[in-house]
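Laboratory data are not the source of any read-out in this text; all were calculated from the coordinates shown. Values in this document were obtained by computation on a predicted structure and should not be read as measured data. We place every Cβ from the backbone using ideal geometry, glycine too, and count neighbours over all the protein chains shown.
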Amino acid sequence: MPTQHDRTVPLADGGEERGGTATTFAVLRGHRGTLAGATARVVGLSGLAWLLLTAAIFALAWPVFTQMRNQRLYYRYLEDPYLHDGSDLTLVALWTLPLFLLLLGIGSAALQTVCSRAVAAETGGASPEDPSRAVVRSRLRAVLSVYALRGLVVWLLPLTAMIVAHQLTGSQLDTPLPLERGTLAYELVDASPAAALLVAALLRLSLTLAPAAAADGLGPLAALRRSWSLTWSRAGLVRVLAFALPLAALTAGLIRLVTQLALPLRPAVRTLLEDATGNFFAAYYAGILAPVVVGVLVAAAVVLPFAYTAFAALHARLRPRADAVRPRD
């Protein structure tokens with residue numbers, strides 16, 4: 001079969017498919033009301049749920065804050081400096097992290113489903129208005145399952161490498177290290193977390209299109225396979241990189257900018273909570289979290305509709321090429 005060099009793909013209705021960028025902006029213009037409404041609902045409800053969940057976690061961790069306050073008062077009575085230990089709060093944060101990830105996944109799945117339906121409507125699929133509840137629930141479950149499976153695939157290796165490297169090369173001062181410093185085995189194990197992070201980045205890039213594929217109707221495992229095959233196709237990797245890298249840079253920059261602009265919230269939250277509760281440490285950590293939460297929510301409201309629409313459009317762009325080259329039975 002001769003190589004095709006045309007930049008468009010014929011559609012079933014006889015038209016031509018636009019490029020991923022053109023389709024993205026066409027969807028954002030043509031369905032701005034639907035996307036803006038869905039974004040406002042998802043980000044607003046997620047922010048409210050995040051606030052309630054954080055308040056509940058602070059309430060559960062209140063004995064830790066009380067102990068820190070009492071130790072501070074004791075050391076002040078002794079006129080000694082007090083450096084509080086945040087290890088207990090770190091454990092609380094680690095144990096509650098899955099709840100925040102679940103909340104993030106639910107919101108992302110809902111918004112991805114809306115964006116994918118808008119892209120389907122723009123490219124000749126079903127209308128994004130008034131989908132059946134059964135379809136919505138099915139797509140949400142599939143996208144949420146994709147997020148869970150993708151997180152497991154991407155982060156299992158680097159987390160395992162970090163734990164093993166810490167056990168074999170960590171700074172255990174009271175016991176001899178299992179591996180002698182300076183040996184080849186020590187250097188390889190010590191460098192394994194960095195290598196594992198590189199592999200995780202490649203895996204994450206390869207599975208970028210999986211949520212869009214799940215929102216398009218595939219099951220979770222089929223969506224992961226579809227994303228892998230499309231990304232590592234002849235034109236897939238370059239296009240995924242062209243979308244993913246600028247969006248990642250935009251997200252990081254926007255979170256940083258908004259967090260800096262929201263820093264005046266920090267002393268206001270600290271003063272309010274310390275006056276209400278009398279606990280400096282609870283107010284201190286709440287003040288640290290407040291600008292970060294604002295930065296994340298603003299970045300999500302600005303970037304996620306564009307990102308999810310772009311990846312759904314890219315999935316729709318690459319899918320006909322993959323279907324065209326797939327051998328028929």
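Quick notes on this one:
- Theoretical FRET efficiency, 1/(1+(r/R0)^6), r = Cβ-Cβ of T183 and L99, R0 35 Å, to 0.05: 0.25
- If R0 is taken as 22 Å, the Cβ-Cβ distance between R204 and A56 corresponds to a FRET efficiency of 0.10.
- With the alpha-carbon atoms of segment 211-329 aligned to their principal axes, the span from lowest to highest coordinate is 72, 26, 18 Å, starting with the largest.
- Shape analysis of segment 178-277 places it in the oblate category; the axes a ≥ b ≥ c from the Cα gyration tensor give an a/c of at least 1.5, with a/b not above b/c.
- Linear extension gain, L261 paired with L221, 0.36 nm per residue minus alpha-carbon span: 10.3 nm
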